[in-house]
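Chemist: Supplied in structure tokens, the structure appears directly below.
Read the figures in this text as sums done on the coordinates, not as results from a lab. Everything quoted here is computed from the prediction, not taken from an experiment. So basically every Cβ, Gly included, is an ideal-geometry build from the backbone, and we count neighbours across all protein chains shown.
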Amino acid sequence: MVRESEIRTNEVAVDAPAATDAGLVFIGRIRTPWTSRLETPRQGRVDGPVCRLEIFDPWVPALQGIELYSSLEVIYWLHMSRRDLVLQSPKNDGAVRGTFSLRTPVRPNPLGTSMVKLVDVEGATVLVRGLDCLDGTPLVDLKPDRCQFTPLAPPQKGDYEVGE
């Protein structure tokens with residue numbers, strides 16, 4: 001079972017450097033039924049509860065056209081996650097793996113991603129199914145599912161050259 005701020009057998013934490021090299025602008029807030037990591041599902045399900053992506057001004061006009069897609073990628077900031085573990089024991093059995101080989105929320109830059117099903121758009125609110133984050137999670141970005149997005153035409157000779 002997941003515990004808040006737990007260090008399991010053989011896990012390794014480091015003193016993380018101060019975050020000074022990038023800035024994020026949260027575009028909204030995510031509303032889900034979960035208020036504790038202990039009750040939040042490990043993976044979102046498209047038959048899960050409807051969750052709300054509340055988009056902040058001035059980003060609301062950026063939703064135009066989003067209803068053309070049935071699936072979206074939601075990128076969010078896991079604001080309640082620790083950021084210092086480099087080796088983790090996901091099964092709590094003493095065997096450890098590197099953080100970058102896991103889909104854990106405990107990471108140096110705790111970004112979460114979920115592929116969700118678009119349910120509806122109501123003004124500045126996007127209704128989706130398939131999330132697995134806490135209520136109040138800051139929203140970083142939304143993108144159409146790359147499998148549904150129509151790619152641009154292939155580049156033509158002269159558009160650009162390798163090495164430019």
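Chemist: Kindly evaluate residue 60 against the criterion of being aliphatic (A, V, I, L, M), within 20 Å of residue 126 (Cβ to Cβ) and over 19 Å from the mean Cα position of the chain (by Cα).
Modeler: yes
Chemist: Listed residues 103, 107; which is surrounded by 15 or more Cβ atoms within 10 Å (Cβ to Cβ) and of a type in the set (Lys, Arg)?
Modeler: 107
Chemist: Right, residue 20: touching a residue at least 60 places away in the same chain (Cβ under 8 Å) and surrounded by fewer than 16 Cβ atoms within 10 Å (Cβ to Cβ) or not?
Modeler: No.
Chemist: For region 27-121, which fully contained strands (runs of 3 or more DSSP E) count at least 2 residues that are among the charged types (D, E, K, R)?
Modeler: By residue number, 28-31, 50-55.
Chemist: Any chance you could count how many residues in region 72-113 are of a type in the set (Asp, Glu) and farther than 16 Å from residue 5 by Cβ?
Modeler: Selection size over region 72-113: 2.
Chemist: Here is a follow-up. Output the residues belonging to region 96-118 that are hydrophobic (A, V, I, L, M, F, W, C), closer than 13 Å to residue 74 by Cβ and touching a Lys or Arg at 6+ places or on another chain (Cβ under 7 Å).
Modeler: The one that is hydrophobic (A, V, I, L, M, F, W, C), closer than 13 Å to residue 74 by Cβ and touching a Lys or Arg at 6+ places or on another chain (Cβ under 7 Å): 116.
Chemist: Would you check if residue 95 is loosely packed, with under 14 Cβ neighbours inside 10 Å and under 15 Å from residue 141 (Cβ atoms)?
Modeler: No, not satisfied.
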